[in-house]
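Quick one: the structure is below, and I'll ask about it shortly.
The values are calculated or read from the model by the stated rules, or taken from the named source; none is laboratory data. All figures in this text were calculated on a predicted structure; none of them were measured in a lab. Virtual Cβ from ideal backbone geometry, glycine too; neighbours counted across all protein chains shown. Remember, those area values only see protein heavy atoms, side chains included, never the ligands or the DNA or RNA. Shrake-Rupley method; radii C 1.70, N 1.55, O 1.52, S 1.80 Å.
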Amino acid sequence: MYKNKIACTLLTPIALALLSTPAAAAITLYDEDGTTFSADGYVNAFYVQTDTDNINDDLDRDQARVKMGFLPNYIGFNMGKQVGDLTLGARSSFWVTINDSETNGTSSAIDVRQFYGTIAGDWGEVLVGKDFGLFSRSNILLDEMLAGYGQVSDTLGLVDGGGVSFGNIGSGYPYPFPTAQITYRSPLMGGLRIAAGIMDPVDTTDDSAVGKNYQDAPRFETEITYQFDLAGAEIYSWINGGYQTSENTDDSVDDVTSQGIGYGVQAKMGAASLVASGFDAEGINPFFTNNAGEAVLREIDSTGYLLQGSYTFGGKTRLALSYGKTEDDGNGIGVAADYETRAVGLFHSINDNLTLVAEYNQYEIDDRTNSQKIEETDTVALGVVLNW
């Protein structure tokens with residue numbers, strides 16, 4: 001029963017959701033008279049072996065796959081132009097799945113996750129268009145396992161999925177879905193930077209209501225980051241959040257307030273890195289900040305955290321350990337659950353553009369209401385990552 005509720009109402013419509021970040025470096029294609037144009041990209045593939053132990057013994061299985069990891073394959077284009085005291089910029093990125101050959105023929109979807117312009121000066125920067133949200137943004141971008149594979153829960157429909165794995169989404173943080181926005185970022189002020197934006201709101205009230213759902217204000221999101229040095233360590237800290245209300249023209253339908261806060265700190269000293277982050281959310285889907293899923297899931301309250309450490313040997317090989325957990329109260333579906341991910345990853349850089357990855361990941365779903373384990377999934381992934 002729990003499997004059906006979660007798989008059908010939470011993830012089926014968005015099981016192919018894609019995730020990525022712009023590459024740190026790009027290939028400059030044009031740079032003349034204050035105008036620039038560059039391209040960046042990311043390509044990866046993993047051989048994966050997943051062993052699923054389900055509460056329903058008939059669903060236990062050992063599945064082999066060749067698919068993408070936590071990040072999808074994408075190509076991005078960047079434009080810039082200096083006009084007086086202003087720097088105008090733009091970015092577009094196009095993301096594809098590599099798994100379309102089993103039943104879908106050549107139906108690879110092209111998913112545009114970023115399409116925005118920027119206006120920058122000494123006073124900061126304004127972004128207009130589509131980009132990742134601010135709530136939970138640094139939580140995911142500073143994940144030590146970002147270039148790895150991550151969890152592929154069978155209960156959540158991911159073992160057979162054609163898109164990315166879920167990494168630590170839903171077991172440490174929700175995914176900051178790309179959305180239409182107008183966002184201001186301040187310049188770096190002694191290590192401090194402030195970002196604040198208005199986002200296109202999402203519907204969080206009951207879809208089955210007779211009346212019409214509406215939001216009379218946009219969704220507000222913000223993030224404050226602060227970086228500094230302490231006792232020889234480089235510290236990067238952050239706090240972010242989001243707030244929105246949804247109403248209905250039918251007075252009998254309850255209003256829904258969606259609000260969340262994320263936070264974390266990263267400490268780097270030499271070859272060692274430690275990251276601790278967490279979040280607390282009300283009225284927000286514990287997996288996706290765009291509240292995908294049926295209305296009952298949108299009123300779930302959840303909390304989670306992610307603890308990680310890594311060490312780089314010889315400047316080429318990084319060993320990372322990770323533990324993440326999200327707890328939800330089950331509001332609307334009647335089952336409170338814990339989602340846990342444990343992982344160890346080995347990342348070996350052949351050069352700046354080529355990395356080999358080996359990862360072991362264990363994912364668990366526990367039903368707190370009925371005190372039983374729903375699923376334990378163990379995954380071994382071996383991958384190749386190219387980026388430019």
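Kindly indicate which of I194, I182 is open to solvent by 10 Å² or more (accessible area, probe 1.4 Å), in contact with a Leu (Cβ under 8 Å, 6 or more places away or on another chain), in a strand (DSSP E or B) and not charged (D, E, K, R).
I182
If you don't mind, there's one more thing I want to ask. If a residue has to be farther than 19 Å from Q49 by Cα and at pLDDT 95 or above to count, how many in the range 367-386 make the cut?
Within the range 367-386, residues that are farther than 19 Å from Q49 by Cα and at pLDDT 95 or above number 1.
Can you name the residue in the range 117-139 that is outside any strand (DSSP E or B) and of a type in the set (D, E, K, R) and is also least open to solvent (accessible area, probe 1.4 Å) among such residues?
The extreme case among them is R137.
Within the range 197-221, restricting attention to residues that are outside any strand (DSSP E or B) and of a type in the set (A, V, I, L, M, F, W, C), which residue is surrounded by the most Cβ atoms within 10 Å (Cβ to Cβ)?
V202
Another question, if that's okay. Is one or more of the residues making up the range 292-309 surrounded by fewer than 19 Cβ atoms within 10 Å (Cβ to Cβ), part of a strand (DSSP E or B) and among the β-branched types (V, I, T)?
Among the residues of the range 292-309, at least one is surrounded by fewer than 19 Cβ atoms within 10 Å (Cβ to Cβ), part of a strand (DSSP E or B) and among the β-branched types (V, I, T), which makes the answer yes.
For the range 141-179, give me each residue that is assigned to a loop (DSSP other than H, G, I, E, B) and either among the aromatic types (F, W, Y) or in contact with a His (Cβ under 7 Å, 6 or more places away or on another chain) (or both).
Scanning the range 141-179 gives Y149, F166, F177.
Does V48 satisfy the condition of being at pLDDT 95 or above and open to solvent by 40 Å² or more (accessible area, probe 1.4 Å)?
Taking the combined requirement at face value, the residue does not satisfy it.
Still on this model: For L356, all conditions in the list (1) touching a Phe, Trp or Tyr at 6+ places or on another chain (Cβ under 9 Å); (2) open to solvent by less than 70 Å² (accessible area, probe 1.4 Å); (3) among the aliphatic types (A, V, I, L, M) hold save one; what is the number of the exception?
(2) is the only condition that L356 fails.
Pairs please, first residue from the range 366-388 and among the basic types (K, R), second anywhere and open to solvent by less than 70 Å² (accessible area, probe 1.4 Å), Cβ atoms under 7 Å, 6+ apart in sequence or on different chains.
R368/A336; R368/A337; R368/D338; K373/E364; K373/D366
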